[in-house]
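Enquirer: Submitted below is the structure of interest, expressed as structure tokens.
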Amino acid sequence: MGIAEGRVVVVTGAGRGLGRAHALAFAAEGAKVVVNDLGVSADGAGASQSPAEEVVAEIRAAGGEAVAHGGDIATTEGAASLIATAVETFGGIDTLVNNAGFLRDRMLVNLDEDDWDAVMRVHLKGHFLPLKHAAQWWRAEAKAGRQRLARVVNTSSGAGLLGSVGQGNYSAAKAGIVGLTLVASAEMGRYGVQVNALAPAARTRMTEATFADTMAAPGEGAFDGMAPENVSPLVVWLGSDGSEGVTGRVFEAEAGRITVMEGWRPGPTADKGARWTPAEAGEAASKLLAEAERPQPVYGAR
């Protein structure tokens with residue numbers, strides 16, 4: 001028996017890349033999987049049922065259970081139907097993996113409002129709406145005396161933690177997902193829901209530019225450090241019963257490395273006990289900055 005045996009798992013953006021790897025990994029560990037994918041291109045254009053249906057076919061061919069969902073999870077209707085598909089097909093939902101996304105990269109001075117809105121919509125709204133509808137179902141179950149060991153794994157990014165040059169929209173959306181994760185963890189714990197976030201690094205069609213020097217798979221028998229499948233074991237564990245007590249955390253995962261990320265917390269502090277003048281505030285801030293740790297560099301900064 002796998003660590004996800006009998007759990008009902010919903011994965012968004014599961015037709016390719018990381019989402020596909022997560023769906024297959026959950027199925028290999030005994031989960032029943034709802035494979036959501038709108039089938040869009042890397043920049044969000046078009047739509048096709050084929051990617052989701054192909055992953056479902058892979059899972060079924062291996063003896064697992066899965067169903068495809070092609071709805072737009074950044075709409076209320078699509079998100080609601082996603083959760084309804086899990087409940088109607090498999091009797092409930094235990095784990096939600098929010099993974100769907102695409103890129104519209106531009107330097108800030110060239111970033112169109114439509115590109116900003118589109119990325120915010122699919123990443124941030126596309127996390128919020130499935131989470132909201134799943135949470136409503138879990139809350140109702142808990143109030144009816146049927147509390148689940150529910151799990152949510154949200155997908156952030158190193159760009160959301162440190163920033164990334166040329167990705168102002170994507171970085172802002174991924175940073176927002178971390179904030180959403182912390183709030184959801186605090187609000188939903190009473191209903192048995194644990195919510196964590198992952199900042200993965202892997203070879204996918206979204207990362208072709210970022211990892212241009214490492215996109216080629218290694219030779220036969222060598223460890224493929226950039227394979228999406230390297231990230232999925234942590235996602236499966238976070239989405240299983242075995243992660244009991246782990247919530248409100250952010251992890252980085254790449255190749256064979258797992259890191260617990262430590263977020264904002266108070267550093268050096270000065271308290272005058274009264275209002276500062278601007279000159280005094282500047283002097284105090286300069287002294288505090290000299291004592292503080294330097295921030296990690298923004299990706300792509302020189």
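Nothing in this text is a laboratory measurement; each read-out follows from the coordinates by a stated rule. These numbers come from a predicted model, not from an experiment. Positions of Cβ are generated from backbone atoms using ideal geometry, with glycine treated the same way; all protein chains shown enter the neighbour counts.
Enquirer: Tell me the mean residue ellipticity at 222 nm calculated for the chain from its helices only (DSSP H runs of n ≥ 4, each -39500 (n - 2.57), averaged over every residue, nearest 500).
Expert: -11500 deg cm²/dmol
Enquirer: Also: Is the C-alpha gyration tensor of the stretch 8-261 telling us rounded, prolate or oblate? Criteria: a/c under 1.5 is rounded; beyond that, a/b larger than b/c is prolate, otherwise oblate.
Expert: The shape class here is rounded.
Enquirer: On a straight-distance basis, which lysines could pair with LYS143 in a cross-link, Cα separation under 24 angstrom, same-chain partners fewer than 8 positions away excluded?
Expert: LYS132
Enquirer: Right, something else. At ALA279 and ARG265, where each label point lies 7 Å from the Cα along Cα→Cβ, what is the point-to-point distance in nanometres?
Expert: Taking the simple label geometry, ALA279 and ARG265 are separated by 3.7 nm.
Enquirer: Given a 10 angstrom Cα cut-off, can you work out which residue in GLY101, GLY91, GLY30 is the most mobile in a GNM of the chain?
Expert: In the Gaussian network model the winner is GLY91.
Enquirer: Something else about it: Could you pull out every one of the lysines with an alpha carbon less than 28 Å from that of LYS272, ignoring same-chain neighbours closer than 8 positions?
Expert: Partners found: LYS287.
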